[in-house]
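The structure under discussion appears below in the form of structure tokens.
The values are calculated or read from the model by the stated rules, or taken from the named source; none is laboratory data. Nothing here was measured: the structure is a model prediction, and the numbers come from that model. FYI the Cβ positions are ideal-geometry reconstructions off the backbone, even for glycines, and counts take in every protein chain you see. All accessible areas refer to the heavy atoms of the entire protein, side chains included, with ligands and DNA or RNA removed. Shrake-Rupley method; radii C 1.70, N 1.55, O 1.52, S 1.80 Å.
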Amino acid sequence: MISMNSAFAVSPAKSALFHHETGPLRSRILDQYQKWKGTQYQWGGTTHRGVDCSALMQHLFSDAVHLNLLRTTSEQIHRGVQVAQYRLKAGDLVFFQTGPNRKHVGVYIGNSQFIHASSSQGVTVSTLTDDYWQEHYITARRVAGSAA
């Protein structure tokens, strides 16, 4: 698990991961995040040398809960059941419209935080309530049971 003394706990946004909202799925996703964080973004990438947002979701869900997601964001957006933003639980996929023909996906981890492969920062944690993400938010999907 993550030590509170690690560099991970330095950032206020990232320290919010230690919020009281816990659960087995969240813990498994955070464990997988530790293996991917900092990996650079590469459109179409599927490895630790470079990964895009939908491939990251494939890896996180495959390794955390043995759930196979389809390859692209446009395919993943149809998986599971739609969830209202105010009902998000750790493990829900969150989707954004980031360009005229471009969608982005991340996984919610609680406390308004989500993991994603950012084109500028690589694999990172961002805050869903930031203006940018709220302006581009389109939907969320529950793909892993109760997402506890």
Accessible area, probe 1.4 Å, largest first, for residues 43, 36: 43, 36
Sparse-neighbourhood loop sites, trypsin sites (Lys or Arg not before Pro) in the range 64-148 - DSSP loop, at most 15 other Cβ within 10 angstrom: 71
Accessible surface ranking that places the most exposed of 120, 54, 27 first, with a 1.4 angstrom probe: 120, 27, 54
Estimated FRET transfer efficiency when R0 is 25 angstrom, pair residue 85-residue 27 (beta carbons, to 0.05): 0.65
Inter-probe distance in nm under a simple model that places probes 7 Å from Cα toward Cβ, at residue 72 and residue 119: 1.6
